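Have a look at the structure below before the remarks.
Laboratory data are not the source of any read-out in this text; all were calculated from the coordinates shown. No experiment lies behind these values; they were computed from the predicted model shown.
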Amino acid sequence: MQHFEDSIYNLIVETSTNLPGDVRRAVAKGRALEDRATRSGLALTTIAQNIGMAEQQVSPICQ
């Protein structure tokens, strides 16, 4: 039973703190195309920062 609980815990941590590469590339592409001074540009920058912080600190991605 402990193995099952550990597996579920690890799955939750992984899916809460790490986004797939295609999603990261899409955010990066959006940031490159968007004027950083616009609301959408600021939002994409914030999203990218949250993704990086979640990965570094192993904390959930802020939604």
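Summary table
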read-out	value
Rg/Rh for the chain, where both radii come from Cα atoms and Rh is the Kirkwood radius	1.14
Helix-derived mean residue ellipticity, 222 nm - over the chain, DSSP H n ≥ 4, -39500 (n - 2.57), to 500	-25500 deg cm²/dmol
